[in-house]
Amino acid sequence: MVGNGGNLSSVSLPMLNEKNWDRWCTQMRVLFNYQEVRDVIENGVVIPGPGATEVQRTIYKDAQKKDNKALFLLHQCVDDIHFEKIQQATNSKEAWDILIQSHSGGDKIKKVKLQALRRQYEMLHMEENDKIGEYFTKVLTLSNQMKGCGESVSDLMIVEKIMRSLPQKFDFIVVAIEESKDVNSMRIEELQSSLEAHELRLLERNPRSSE
């Protein structure tokens, strides 16, 4: 679909809808970097003056090409509702700014949203039928949403949140981790690996619990 020494024709592009702004935004920034268009999207295209040199005019033409590519990418990666918002935009920066503005909201909206996310985060506990991987996804999703609202959420906070919100059957492994490892420097992936190994042993001893 879009080429830049690479071919995206077989790649499933991220699609913006009303519920996935934070995830979509992260994916799009990676895509913009890959296509080498992030600069024109975030800073726009500088139009050279009447006395521009040949080099400046060449740079401008290249920037215009990147801008057209970036705008095309945005058109391809939004649903119909969002396309209506940006279809009149004449350049990629204008379209990108419209999308950011429509999802960022004011400070009051962010504050209300963050308060709601904090409550969800505090109340979140792993259910007996949840898998470790599923629960980590829930916690990380909420954490990323809170970060998107300006909250500072460290890896240590996530590790501690997970360890204190597991079912009773994980008490033994949690105590073992606390006694044998430095929780303050533990990576989230390391904790998940240890818990999944324990989960697998539990399933091997009681296969019915996985049904």
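The values are calculated or read from the model by the stated rules, or taken from the named source; none is laboratory data. Not measured: the values here are computed from a predicted model. Cβ sites come from the backbone with ideal geometry, for glycine too, and all protein chains shown count toward neighbours.
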**Study point:** Number of positions in the range 15-37 that are in contact (Cβ under 8 Å) with a residue 24 or more places away in the chain, more than 13 Å from the chain's Cα centre (by Cα) and in a helix (DSSP H, G or I)
**Key:** 2
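Considering each of S104, S180, S165, S152 in turn, give the residue that is among the hydroxyl-bearing types (S, T, Y), within 30 Å of K85 (Cα to Cα) and out of contact with any strand residue (DSSP E or B) (no Cβ under 9 Å at 6 or more places or on another chain).
Values: S180 fails: within 30 Å of K85 (Cα to Cα); S165 fails: within 30 Å of K85 (Cα to Cα); S152 fails: within 30 Å of K85 (Cα to Cα).
Selected residue: S104, the only one of S104, S180, S165, S152 that is among the hydroxyl-bearing types (S, T, Y), within 30 Å of K85 (Cα to Cα) and out of contact with any strand residue (DSSP E or B) (no Cβ under 9 Å at 6 or more places or on another chain).
Here are some residues: N43, N33, N68. Which one is under 15 Å from A95 (Cα atoms) and loosely packed, with under 12 Cβ neighbours inside 10 Å? Write out each step before concluding.
Working: N33 fails: under 15 Å from A95 (Cα atoms); N68 fails: loosely packed, with under 12 Cβ neighbours inside 10 Å.
Of N43, N33, N68, the one residue that is under 15 Å from A95 (Cα atoms) and loosely packed, with under 12 Cβ neighbours inside 10 Å is N43.
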**Study point:** Residues (of a type in the set (S, T, N, Q) and modelled with pLDDT of 95 or more) located in the range 108-142
**Key:** Q120, T137
Study note, to complete from the structure: Only one of Q115, Q88, Q101, Q76 is of a type outside the set (D, E, K, R) and over 21 Å from the mean Cα position of the chain (by Cα), namely Q88
Exercise for review: Would you check if there is a residue in the range 123-145 being under 18 Å from the mean Cα position of the chain (by Cα), outside any helix (DSSP H, G or I), closer than 24 Å to E18 by Cα and of a type in the set (D, E, K, R)?
Suggested key: no
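Can you tell me which residue in the range 147-200 is surrounded by the fewest Cβ atoms within 10 Å (Cβ to Cβ), limited to those that are of a type in the set (K, R) and over 23 Å from the mean Cα position of the chain (by Cα)? Lay out the reasoning, then the answer.
Taking the range 147-200 and keeping what is of a type in the set (K, R), we get 147, 161, 164, 169, 181, 187.
If we keep only those that are over 23 Å from the mean Cα position of the chain (by Cα) too, we end up with 164, 169, 181.
Numbers: R164: 9, K169: 13, K181: 13.
Within the range 147-200, the match that is surrounded by the fewest Cβ atoms within 10 Å (Cβ to Cβ) is R164.
Please determine, by comparing only the residues of the range 148-186 that are basic (K, R) and at pLDDT 95 or above, which one is farthest from N20 (Cα to Cα).
R164
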Point to revise | Criterion (hydrophobic (A, V, I, L, M, F, W, C) and assigned by TED's automatic domain parsing to the domain that holds K138) met by exactly one of L114, L99, L71 | key: L114
Check your understanding: What pairs can you find where one residue is in the range 130-149 and more than 23 Å from S104 (Cα to Cα), the other is at pLDDT 95 or above and surrounded by fewer than 17 Cβ atoms within 10 Å (Cβ to Cβ), and their Cβ atoms are less than 7 Å apart, with a gap of 6+ or different chains?
Key -> I132/E196; G133/E196
